[in-house]
Each structure stands twice: as structure tokens, then as C-alpha cells.
Amino acid sequence: MPGFVSVKTPPDTPPLRISVPDTPPVSNHRTPSPLTNKQPSPSFSRSTNGKKKLQPESPTATQCPPDSSLDNPDLGPFLLKLARDTIASGDGPNKALDYAIRASKSFERCAVDGEPSLDLAMSLHVLAAIYCSLGRFEEAVPVLEQAIQVPDIGRGTDHALAAFSGHMQLGDTYSMVGQIERSIGCYEEGLKIQIEALGETDPRVGETCRYLSEAHVQAMQFDRAEELCKKTLEIHHAHSEPASLEEAADRRLMALICEAKGDYEQALEHLVLASMAMVANGQDSEVAAIDVSIGNIYMSLARFDEAVFSYQKALTVFKASKGDNHPLVASVFIRLADLYHRTGKLRESRSYCENAMRIYSKPVPGTSPEEIAGGLTGVSAIYESVGEAEEALKLLQKAMKMLEDKPGQQSTIAGIEARMGVMFYMVGRYEDARIAFESAISKLRATGERKSAFFGVVLNQMGLACVQLFKIDEAVELFEEARGILEQECGNCHQDTIGVYSNLAATYDAMGRVDDAIEILESVLKLREEKLGIANPDFEDEKRRLAALLKEAGRTRNRKAKSLENLIDPNSRKTKKEATKKWSSLGFRI
């Protein structure tokens, strides 16, 4: 996570295509990757003539006027076919929506007690997909919740796979409104049903495991993501040829997970194997994309010459296959700009930034707003690093505006707002910083990310902004909430958690809660002495603050002698310039 905010803009998001086949192949269901934030696609069970008893208060009950003709058992299939034909002809989703609502109502009215109708489930899947195509995701959710209640899993594979498809589509829909945790819950339930129906080693189970792994990556739940990705690799290894495209995709995902967990050598190994598989299958563009990822790993390992070689290699392929003005070319320019900035070659870095901005200012047809927004945030990070905060803020504001009306982008927008808040804070615009943080926190709460470490960091940042505005009571609430989250997600020895401890102690001191401040600082110093070492530059500052508070309270600190090994900080080679920034007068840390 670079800095305070990790903003990974998803790849291109294609327009929704609603596909309603006459004989939906549920057994081969493959949902789109959660990392690409594609629109949810309808997934249907195989149609049968089973019937189900009428369900009261269904989502379609209030949308369809009374019509005695809906009691005709032949009307439901006819209306569903009309909905399909309307979608296929491009006449517009509103007319198809009317047909789908009436079809679902007809299937519901013609239900027979005790017999679940897969026709009803299929019509509800179609109805939900049309709602999604209209951007009415909130209305799609109750329809899908009804649909997953229709099949009886105990009645065989068709019912089980219909339930699986419903859970996956519901997960897609939750993802589009930013409800990541609920989305993952639906995917997990869908995977469980699919395994019970098909067995743990079926290739289709492997596809779902990879899909769910990607969802966990998006939610930054890397341990579960790694577990699922390993299972996917095992399944594809058993069913696919060596160096298959499936294995290459699995290894790219595993490399992403390893990189996120800081295991760069393992990530590099997976990427090299994936590249070899792509070369064997003649996928030159994919090889170039992997070269970019390899360059990123080399840069993380400070192997800059090898990183430049990988980036230049990818750049040559992208220019030859996509053209000089393609967004992929711009994305490599940004990586090179970042590399040269890190190595102190600022002129080359600026040149590559300007080349990337030239492409983003006049994007080629087919470039998605998400691609452009991702590029702008990348360039803004480099401008921020060289002290051009105003220019960086302009780019972030432009990126955020491009994503405002895009479904499923709330978490990304929240990340951009949090980053803007940090920049406002650093230039002394504390009210603007507080507003930006507040908006980001509101979006993160709404999307179910209130338990992530990132959310805890943003709470801490907003607390600091409130301190600067003398809103001490509000700051205390934010620091306390951040402490609880970071203790849970990172542990009490993590630097982010210790930073919040320090800020909370300073705030308690400002409020006159000296005993509470002393208790926290004593705990922090004990952590440093027993586990982290005391050579950290912050140790002496915290020690002085505690001594002053103890003197004010008329107390002394009891401490035991420490062994020599506890006096050595594993991070002691950090320079003073690299150390965490402090506000020594109050003891606050950002």
C-alpha cells in the first residue's frame, strides 16, 4: 500500500450485455472477475416444468397490476421469450423489464404447492439482470434474494446449480453497489453449493475458486485469497495440460497475492512461470503485461536495472501491437516515471509523466474512464512526491469526477478522497482535509469496509485533522475507533497501531485525562522495550512525554532492566528523514 492510500483502478469495464439463452448452460457458469468490476451477468438454471407454491410479498408483487391472464400456465414462457427477443433486438430494456416482471408473476401464480419451479428462478435472474442494466441495483437485490430461495438443493444437480447461479449473481450485484463483504458472503455460499453438487475437483469449481480469490484480493483479505488460489492451481494442474493458459492466469493471481504480502521472490517465481506459459501459447500481449508485473517486483526489490529492462521490453510490444497512444503504453510510462523518480533521475521521470498525460488527454476510442482515472492517480502520486501538491490535487479531482457515476467504484473514490485529505493536511488546509476524510469514511462504511486496516488509517488521519481544528472530542472518538480496528487487523506492535496510540495519548493529555495518557504511553514504551527495540527515533520523544506527564501527576515510572537484545531496533537503520513525521509540541503523528 503506497503511502496512506492504495488506489488500484480496475481494468476496462465493458458495457452490460444481457444474454438470455433459451437453454441456459448453468453447469458451465463462469462469472466475470471481481477485480475487473464488470457488470453482473445473468446466470440461469436449466428450465424444468416444476412448480412452486406462491410466495407472499415477493418483489414482483407490487410491480405488476392484477391481470387474470397471468394465471395461464403458457403465458410465463411466452413472456420470458418476449423479454429475450426484446433484449436481442435492442428495442430497449424498459420493454424487456415489463415482460420479465409479468413473466415472473405468471410463473409465481401458476406455482403448485411443494414443487419448486426453476422456470420462476430463471425469470427472476433475467429480471434482476435487466434491473442492473438500467442501473437499478437496489431493485435487483430483493429479486435475486427471492430467486435463491426457489431451488431445492436436495432435488438434484439442476436445483443446486440454479441456487449457485443465483448466489453468484447476487454477489455480482452487491459488488456493483460496493458491498464487498456481502458480495464475498454470497460467493462463498455459492462455492459451497457448487462443491456439494459437482465435487471438490471439478474444473468449474476451480474457476469459482479463482473468482472468489480475486474478490478476497479486492477486499485485501490475502490469506483467504491465497488459500483459494492454491486450490485453483491444484484443480487446473489435475485437469489441464502443463503450461496451460488456466495455469498462467492462476499464477498471475498468486503473484499478486504474494506481492501484497511482501513475498516478492515467490511472486517473481510465479510470474516467470506464467510468462513461460504465455510464450508457449503465443500470447505476446499477455507476456508484455506480465513483464510489467515483473518490473514492479524488481522495483520493489530495488533491482532497478532489471526493472527498466522489463518495462522497456513491455513498452516495445505494446507500441507494436496497440499503437503509440494506447493506455497500456501510458501505464508503462507511469511505471518508468516512478522508477526514475525513486532513483533520483527527476528529469527523466517528468518526461515520462508528460508522455503519459499526453495520451490520457487525448484517449483513443474504447478507452474506459476507469483506465484514465487510474493513470491520473498514478501521475498524481509522482507529482506529490516531488512537492507539486496543487498539480497532484487537480489530477485526483479530475480522476474522482470521472468515476463519480460509475457503479462499483465507491471504494476507489474513497481511496482517492483519503489521499486528497492527506495532501490537504500536509499543505495546512485542515478543513478541506477533514471534509475529504469524512466523505471517504462515509463511503467506506457504506461499502462494508469498516473493519479493514485502511479504514483504521483513514480514521486516524481524520482525527489529526480534527485536532488541528480544535475539535478534540471528535478526534478522540476517531482515534479510539481507529485503535480498535488496527489492533484487530494489524496487532498492537504494528507501526500504524502504535501511531494511533501516540495520537490518542496526546489527545487525552489535551483533554486533561492525564491518567489515561500515562497508561497508553507506558504501554507503548513497554512494547518498544520488550518487542520492538528502543533505537527507534520516536522512543526518546515518547519517553520525554511520559516523564513530563508523570511529573505533572506526581508519579514515577517503575521499569525493569532490559537485556541488550531488546535495545536493538530492527529498523534502526532508518534515517531521521525517513522516520515518521511528528508534531513534537503535542506528540501527534501522521
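Sorting the segments 496-502, 278-284 by their mean number of nearby beta carbons within 10 angstrom, highest to lowest, gives 496-502, 278-284. In loop segments of the stretch 180-254 as defined by DSSP, there are no chymotrypsin sites (Phe, Trp or Tyr not before Pro) with at most 12 further C-beta atoms inside 10 Å of their C-beta. Across the stretch 388-401, rounded Karplus estimates of 3J(HN,Hα) from the backbone phi angles (6.51 cos²θ - 1.76 cosθ + 1.60, θ = phi - 60°) give 9, 5, 5, 5, 4, 5, 4, 5, 5, 5, 5, 4, 5, 5 Hz, Gly and Pro being marked x.
Over all other residues within a Cβ to Cβ distance under 13 Å of Leu245, the charged ones net out to -3, with Lys and Arg as +1 and Asp and Glu as -1.
Restricting the stretch 442-491 to chymotrypsin sites (Phe, Trp or Tyr not before Pro) that sit in a DSSP loop and have at most 13 other Cβ atoms within 10 Å of their own Cβ leaves Phe470.
Here the alpha carbons of the stretch 70-199 define both size measures, Rg and Dmax, at 14.8, 42 Å. If the chain linking Met426 and Glu115 were pulled fully straight, counting 0.36 nm for each residue of separation and taking away their Cα-Cα distance, it would gain 105.5 nm. A simple count of charges around Cys186, restricted to other residues whose Cβ falls under 13 Å of its Cβ and scoring Lys, Arg +1 and Asp, Glu -1, yields -3. Taken along its three principal axes, the alpha carbon spread of the stretch 330-487 comes to 48, 36, 27 Å, from the longest extent down to the shortest.
Counting charges near Glu391 (Lys, Arg +1; Asp, Glu -1) among other residues having Cβ under 13 Å from its Cβ returns a value of -1. The gain in end-to-end length when the Ile472 to Asn492 segment is fully stretched comes to 4.8 nm, 0.36 nm per residue minus the alpha carbon separation. Per residue, the Cα convex hull of the stretch 297-387 amounts to 91 Å³. Segment Ala320..Ser523, full-extension length gain: 67.2 nm, with 0.36 nm per residue of separation and the alpha-carbon distance subtracted. Here are some pairs, Lys451/Lys471; Lys345/Lys398; Lys231/Lys406; Lys313/Lys443; Lys322/Lys406; which of them have Cα atoms lying more than 29 Å apart in this structure? Pairs exceeding the cut-off: Lys231/Lys406; Lys313/Lys443.
Putting +1 on Lys and Arg Cβ atoms and -1 on Asp and Glu Cβ atoms, find which of Gly76, Gly171, Gly135 reaches farthest to the positive end of the dipole of the stretch 70-199. Selected residue: Gly135.
Per residue, the average separation of C-alpha pairs within less than 8 Å and at least 6 apart gives the stretch 70-199 a relative contact order of 18 percent. Just so you know, the Cα atoms of the stretch 151-257 work out to an Rg and Dmax of 13.9, 40 Å.
Every number in this text was worked out from the coordinates using simple rules, so none of it is lab data. It should be emphasised that the depicted structure is a prediction, and the values quoted were computed from it without experimental measurement. No Cβ is skipped: glycine too gets one built from the backbone with ideal geometry, and neighbour counts run over all protein chains shown.
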